[in-house]
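Here the structure is laid out as structure tokens; the discussion comes afterwards.
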Amino acid sequence: MRKNRRLGLAVVVTSLVISAGANGQRHESETESSQAPASVSIRQNDIALCGQEFYDNFYALTLSVFAVGAANVSTEEYTRRVFSLVRSSQEFAGKSEAFVDHIKDIPGQLVEIIREDAAV
């Protein structure tokens, strides 16, 4: 059950990161000329996130923060802690600020998602 929840959170995070990149990084000419769908399937790659230090730490952080109940989570505090984790992670060494900027809306979106469906 714990692995399924970790996988579910990894799917949500990965989907949000991919969509943030897809929506925020394209130039107008690329969007107009591309016939590719806006969404992507990551199902075959989700399990690869489990066991990676950053994603395991992100999962543990999220469990810890939401242990008080989703309604009691401060979006600002959760965002601050997620960004702190990114900045301290070797995964993003030398490019952590660019990644923080890339995912700036994701912690708040996760808070909303988890408040709507705590099973996530």
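The values are calculated or read from the model by the stated rules, or taken from the named source; none is laboratory data. Just so you know, these numbers come straight off a predicted model, no measurement behind them. With ideal geometry, Cβ positions are generated from the backbone for all residues, glycine too; neighbour counts draw on all protein chains shown.
Applying the selection to the stretch 53-68, what residues are out of contact with any Ser or Thr (no Cβ under 6 Å at 6 or more places or on another chain), surrounded by 14 or more Cβ atoms within 10 Å (Cβ to Cβ) and either of a type outside the set (D, E, K, R) or within 19 Å of Val100 (Cβ to Cβ) (or both)?
Correct list: Tyr55, Asn57, Phe58, Tyr59, Leu61, Thr62, Val65, Phe66.
For the stretch 69-102, give me each residue that is outside any helix (DSSP H, G or I), at pLDDT 95 or above and either loosely packed, with under 11 Cβ neighbours inside 10 Å or β-branched (Val, Ile, Thr) (or both).
Answer for the stretch 69-102, where residues must be outside any helix (DSSP H, G or I), at pLDDT 95 or above and either loosely packed, with under 11 Cβ neighbours inside 10 Å or β-branched (Val, Ile, Thr) (or both): just Val73.
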